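Below is one structure. I have some questions about it.
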Amino acid sequence: MSLTPLNIVLFGIVALFGVGFYGLLITRNLIKFVMVLQILIKGVVLALVFAGKLSGNLGLGQSTAATVIVADTIVAVVGLALAVQVRRRFGTLDVPKISTLRG
Amino acid sequence: MALILIALIIGLPWLGALTVLAAGNKNPKWQHGLAVGFSLASGLMALFLIPFTSSRVALDLWLGPSFGSLSFVPDGLAVSLTIIATVIGSLAVIFSVDYMRGEAQLGRYYFLVLFFIGAMAGLVLSGNLLFTFFFWEITALCSYGLISFYNDDPKAVAGGIKALIITQVGGVGLLVGSLLAYANLGSFQISDLLSKANTMPADVLSIIAFCFLIAASAKSAQFPFHTWLPDAMEAPTPISALIHAATMVNAGIYLLARFFPAFESVPGWMEMVMLAGIVSALITAFMALTATDLKRTLAYSTVSQLGYMVYAIGAGGVLASQFHLLSHAVFKALLFLSAGAVIHSVGTRDMTRMGALGRKLPYVRNVFVIGALALIGLPVFNGFWSKELILEVGLEHSPRWAYGLMLLGAALTAFYTFRMTWLVFYGSSRADLHVHPAGLWMKIALGVLAIGTFTTWLLFGGLSGTLAQSLPTHHLEAESTIHMVEMILLAPATWLALSLIAVSLALFWFVGRGFALKESPIWLRELSESSFGFEPVNTFISRGISGLAEQLRFTQNGQMNWNILGIVGALLFVLAVLLWSGV
Amino acid sequence: MDLLSFFGMISLPLISSPFVYLSGRLGAHEAVLHRRSYVVRGFALLAILSAWVPFVRTVTAFMAGETQEFMIETILLQVDGISLLVAGTVLTLGTLVILFSGPYMAGEAGEEKYYAMLLAMIGVMIGLACAGDLFNLWVWFEAMAVSSYLLVAFYREQAASLEAGMKYLIQSAIGSVLVLVGIALVLANAGTLDMAGVRAAVAGSDVNRWVWLGAGALFIVGFGVKVAFVPLHTWLPDAHSQAPSGISAMLSGVVIEVGLIAMLRALSVLTGLGESWGVLFLTFGALNIVYGNLLALRQTHVKRMLAFSSLSHVGYMLMGLGIALTSNVELGAQGAFFHLFTHMLMKGLAFLAVGALLYALFLQNDSHAPLAISDLAGAAKKYPLVAFGLSAALLGLGGLPPLAGFMSKWQIFVAGFESQSGWIMALMVFMAFNSVLSLAYYAPLVNLMYRGSPSQAVTAGKPVSAAISLPILLMTLAVILLGFFPQVMNWITRPAAQSLLAFFGN
């Protein structure tokens, strides 16, 4: 695989996804969950622009990417707001410690 | 006209169910009155339906492609069972006026009883497989609610859920059979299944036939589903009489009789039916020998008598089975209701604590003895004629060993019936029980049934005539009562059976009176308590499933990383399935 | 063309949402707090009731055969059978839940946010069902998700509620990321995201079909998180049991089903692959049914048990859809959509009735304890209507006649046997046995409520008000009547099934 710009972007997407899922599988801290989620989403944004470029419909790719950024910022905000409440209520952000619902 | 009557037969009890609920538990008098009124009205309508008996469809209302059309057919089979359901139903309700006096939650009780009566009539009148199944399931639901009526008692709760699950497992058989028939015939009409059965592929037809046999066995508590009925005896006694002796358990017999013409050519089907009947009749007769609970003894005998009917169908005697069904419904309802009067009077079901009650409850003793003699099968009572007719059919159309086993069953029946009567009403008083006299309403219901036990065999000619005329696919021959009487009295088989019964009675009298109380062999008692090894199977299955459920709870451990692993795993799983199926 | 009605059906709840919020915030004065609550509730009810007018007009226009679609820039919205089914289902439950929530949520901090979010969620779900563009579909889906996160974690003081909201948020967000990757795959290979355009592109393209299968897999898993396919379901029991009861009803009754509709819409653009999705639906259907049943069997808390039973009911719908897609039996989809509707009624009723009991037994006594199954003992004497409603809902969910659930399951069974395929018939038998198994946890609960001796909680319980009883009464009647007259839903389930099969191009 040659190092064309497209391949670099592709590599970037794969790397962001890899980091994202790895983080989700091992992290314990609630803030970090929100952070790795954002890493995943950045990968998606990149993928959308990339898809637009590949298909020759760059405008569509860019506009969807922009919308995703906005929408997922809202998700991140809600997530962080929850994290604040969790910290207040439990005094910790360690997810395994606050997981009591099971079975 | 027939349509209006059918609508009233089903609709009146259901309307009654709602009005009883609306009357509220604060007005028990109203509730009793309404329940009696509506059930009697329905019984009356059922009697009016007799002249309209025919194989013609009374209603044909198209509902849509997946539901077929709502239709009712008032043929002989349906009408006779409708009358049993509504008339015995109203007698059970009349009996309940005394039996349930002062109980809490009468509204729920009468709601379920009346709902059941309507559904039972609907089940037999329906001409559409969907609605047969529909009413079939409603009867199971009502039966569940009534078995668990005293639901502060864990035994009642356990008995109810057991009955519900086992009959529902059987219901799956009816569901699958009906839908297979639909898939191959494109119609839910029962008449289509009966007339076009032979156009179906042979293997499909035989699957349908055995599915229906499973459904019928589960509903009629036949082997290997015989375990639920004894536990259903936690229900109030009028319910045991109505649902678990006279009507709902007959639904299985009805199903076999109804579809007999479609399945009789299926290889092995008749033999399986016969075998189920023989095994049920015998093992429960053995179980009744050692039981000490009055209602359980009666429940065992119900399974055993239903076994006779199933055996008769297996031997090709649809008419004989229906005749015995009618007799049994009457005398077993009588036995259960008089047992109920005893239980209500003394407050226990344990026969070892009863004894010599005949002197204190003469009326109840008299009617109980009438019922018992019919169950044993002694002449003049209805049970005699119908049982002998079944044995007659068995002698002609089944292997000798099968006939021999059924004769043995008749002897066992005589033995346990005599033992039961003896323990309750005769001998010496074993515990100082306080006895209340039976109420007037109870006596009325018992009296009517006792008269029925003497006389219903006279209806044989009418029954066989209507069945023969309104069931064209069954190819039955009409016979007159006189002819039947003549045939039975002249047959050597009858005298053979009667002498066996006499031997059995003598055996009880001279050898078994002590044995009756406690000295039954330990192995027999243990075998009976485990329902011949099927009780452990039930327990194993239910424990296994709930154990598995408990074990599976670890998969929901509440850890976020684990949950996310589930998402990743699912993605891989989906890709794997696509790879496997897509190439 | 009656575009105004169509537009109004989607936008009325959405537009009224901020107004409801403002009406609660303005005059947020301690002295008028009580009166303010009535204003908010009244306004919310008015908003949802007014949305019925354009809905009915849209239905009439649809029945008359008019095509109804409009475009704002590149955003295409259109009406078909599925949209109407979803809109009707959502509006029905939404109206009843808003009515129910009046007393239930009265006096809670942030009551106005609750109604604003609920209305927004209702509008968004209707919009989702009308989306004609893949990316647009995702935006509606994400908006629905965000509003439901906030509603799940509504009780900010409750630790368990926060935990449930957190799990729900993170897992849902991962799902929506996967959907986006699928969309990117489609965009890269088809060059457009308009559903009709993609369909044409997929049909005419010479791209390796594994690309489309991969995109479909991402859609299934991505939306599957929301629909609670096992093993993507892990958030559901927590979220559904911790949310306020009205929201539990919405989540179980419509939100997961709308997720299913979104999945169907997204998959439908990948033409010619219906059979693969059908196989997957049957697989997940079987898994969901058995897993949901087994886990519900041993639960001790009522709402959690109901949440697990939702898993198995999603499974029944998946079975119907799977039959439709693999064997091209229209009845399968019709049964699935009918079950979608009856499940909304029954599960909505179950959660509202349980909510009414929770409200009467605990919330009014200032306790946030979960409602244990044993707390229900003897509830029937004090709360006859609620107990009767809950019994009807539970027995209907267990598939007993004469209740709605019997008929919708029956329709799925009929479709399964109509397919004439041995595998599917075997699955139907499996499904029937599972339906019997489910009675093992529904029926004892009913029995418990009719006990003579009440539990401590029932003895200390407060009465329930008329606004709570009314929706329960209406839904109970509907559950019973649909059991007797199942054909009345044909007018909507059949067009929906036809639309579905038309999309999958079978």
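For chain C, what mean projected area does the convex hull of the alpha carbons give, in nm²?
21.7 nm²
Given springs between every Cα pair under 10 Å in a Gaussian network model of chain A, which of A:L48, A:L60, A:L24 has the largest fluctuation?
Of the options given, A:L60 has the highest mean-square fluctuation.
In 10 Å bins starting at zero, report the fraction of Cα pairs in the range B:540-582 per bin as a rounded %.
Computed distribution, short to long bins: 24, 28, 30, 17, 0.
A further question follows. Rg and Dmax of the range A:2-81 over Cα atoms: what are they, in angstrom?
When restricted to Cα atoms, the range A:2-81 yields Rg and Dmax of 13.9, 44 Å.
Shifting gears a bit: Quickly rank C:494-503, B:91-100 as a protection proxy: mean count of other C-beta atoms within 10 Å, highest first.
Listed from highest to lowest mean packing, they are B:91-100, C:494-503.
Helix C:134-152 versus the longest principal axis of chain C: what angle, 0 to 90°, nearest 10, using Cα atoms?
Rounded to the nearest ten degrees, it is 10.
Would you list which aspartates and glutamates come within 15 Å of A:K32, measuring only between C-alpha atoms, while excluding same-chain residues fewer than 8 positions from it?
A:D94
Just to be sure I understand: if I project the alpha-carbon convex hull of the range C:43-142 onto a plane and average over all orientations, what area do I get in nm²?
So the mean shadow area of the Cα hull is 6.9 nm².
Now a separate question. Got the relative contact order for chain C handy, in percent, Cα pairs under 8 Å and 6 or more residues apart?
16 percent
Once the cut-off is 18 Å, how many percent of the Cα-Cα pairs in the range B:237-376 end up in the long-distance tail?
Result for the distance tail: 57 percent.
I've got another one for you. Given a Förster distance of 41 angstrom, what is the FRET efficiency for C:R25 paired with C:E66, based on the Cβ-Cβ distance and rounded to 0.05?
0.50
Still on this structure, I have one more. By its C-alpha gyration tensor, with a ≥ b ≥ c as the square roots of the eigenvalues, how is chain B shaped: rounded for a/c under 1.5, else prolate for a/b larger than b/c, else oblate?
rounded
Arrange the peptides C:267-273, B:526-532 so that the one whose residues have, on average, the most other Cβ atoms within 10 Å appears first.
C:267-273, B:526-532
Can I ask one more? Run the helix sum for the protein assembly as shown: -39,500 (n - 2.57) per DSSP H stretch of 4+ residues, divided by residue count, reported at 222 nm to the nearest 500 deg cm²/dmol.
-25000 deg cm²/dmol
Taking beta carbons within 10 Å but only from partner chains, what does the mean come to for residues A:74-85?
Other-chain Cβ atoms within 10 Å of each residue's Cβ, averaged: 5.
Tell me, rounded to the nearest percent, the portion of alpha carbon pairs in the range C:389-506 spaced more than 18 Å apart.
Of all Cα-Cα distances in the range C:389-506, 67 percent exceed 18 Å.
Which of the peptides C:319-325, C:51-57, B:540-546 is most tightly packed, and how do the rest follow, going by the mean number of other Cβ atoms within 10 Å of each residue?
The most tightly packed comes first, giving C:319-325, C:51-57, B:540-546.
Of the cross-linked pairs B:K219/B:K295; B:K29/C:K347; B:K332/B:K360, which ones have a Cα-Cα span greater than 30 Å in the structure shown?
In this structure, B:K29/C:K347 lie more than 30 Å apart at Cα.
Moving on. Taking the 0 to 90 degree range and rounding to the nearest ten, how far is the long axis of helix C:209-227 tilted relative to the main principal axis of chain C, both from C-alpha atoms?
Helix C:209-227 sits roughly 10 degrees off the main axis of chain C.
Right, another one. Averaged over its residues, how many other protein chain Cβ atoms are within 10 Å of peptide B:571-581's Cβ atoms? Walk me through the numbers on the way to the answer.
On the way: counts 9, 2, 8, 14, 6, 1, 7, 11, 3, 1, 7.
Mean shielding count: 6.
Still on this structure, please answer the following. What do you get for Rg/Rh of the protein assembly as shown when both radii come from the Cα atoms and Rh is the Kirkwood radius?
On the way: Rg = 32.6 Å, Rh = 31.9 Å.
So for the protein assembly as shown, dividing Rg by the Kirkwood Rh gives 1.02.
If I fit a long axis through the Cα atoms of helix C:302-327 and take the longest principal axis of the Cα atoms of chain C, what angle between them do I get, 0 to 90°, rounded to 10?
20 degrees
Sticking to Cα atoms, compute the Rg of the range B:7-113 to one decimal and its Dmax as the biggest Cα-Cα distance, whole number, in Å.
According to the Cα coordinates of the range B:7-113, Rg and Dmax are 16.0, 49 Å.
Can you tell me, using C-alpha contacts under 8 Å and at least 6 residues apart, the relative contact order of the range B:257-406 as a whole percent?
Numbers: 182 pairs, mean separation 38.2, N = 150.
Computed value for the range B:257-406: 25 percent relative contact order.
For C:K381, go through the lysines and keep the ones whose alpha-carbon is under 17 Å away, minus same-chain ones fewer than eight residues off.
Of all the lysines, those that pass the test against C:K381 - Cα under 17 Å, at least 8 places apart if same chain - are B:K26, C:K462.
While we're looking at this one, here's another question. Relative contact order for the range A:28-92 using alpha-carbon pairs under 8 Å, separation at least 6, rounded to a whole percent?
Once normalised by length, the contact order is 33 percent.
Residue by residue through A:89-96, how many Cβ atoms from other chains fall within 10 Å of the Cβ on average?
Across the residues of A:89-96, the mean count of other-chain Cβ atoms within 10 Å is 3.
Now for a different question. How big is the Cα convex hull of the range B:201-287 in projection, averaged over all directions, in nm²? Spell out each step's value before the answer.
Details: hull surface 22.6 nm².
Result: 5.7 nm².
Amide H neighbours of B:S69 under 5 Å, counting only residues 5+ apart in sequence or on other chains, H built in-plane at 1.01 Å?
Those lying under 5 Å, H to H, from B:S69 are B:L63, B:F188.
Continuing with the same structure: What are the aspartates and glutamates whose alpha-carbon lies under 20 Å from the alpha-carbon of B:K196, with same-chain residues fewer than 8 places away excluded?
B:D60, B:D75, B:E264, C:E418
Of all alpha-carbon pairs in the range C:133-229, indicate the percentage at a distance above 15 angstrom.
Value for the range C:133-229 (Cα pairs over 15 Å): 63 percent.
With the Cα gyration tensor of the range C:300-425 giving a ≥ b ≥ c as the square roots of its eigenvalues, does the rule (a/c under 1.5 for rounded; else a/b larger than b/c for prolate; else oblate) give rounded, prolate or oblate?
Since a/c reaches 1.5 and a/b is larger than b/c, the shape of the range C:300-425 is classed as prolate.
Given labels modelled 7 Å from the Cα in the Cβ direction, how far is it in nm from C:A160 to B:M1?
6.5 nm
We did not get these values from a lab; they are worked out from the coordinates using the rules stated. Keep in mind the model is a prediction, meaning the values are calculated, not measured. Cβ: placed from backbone, ideal geometry, glycine included. Neighbour counts: every protein chain shown.
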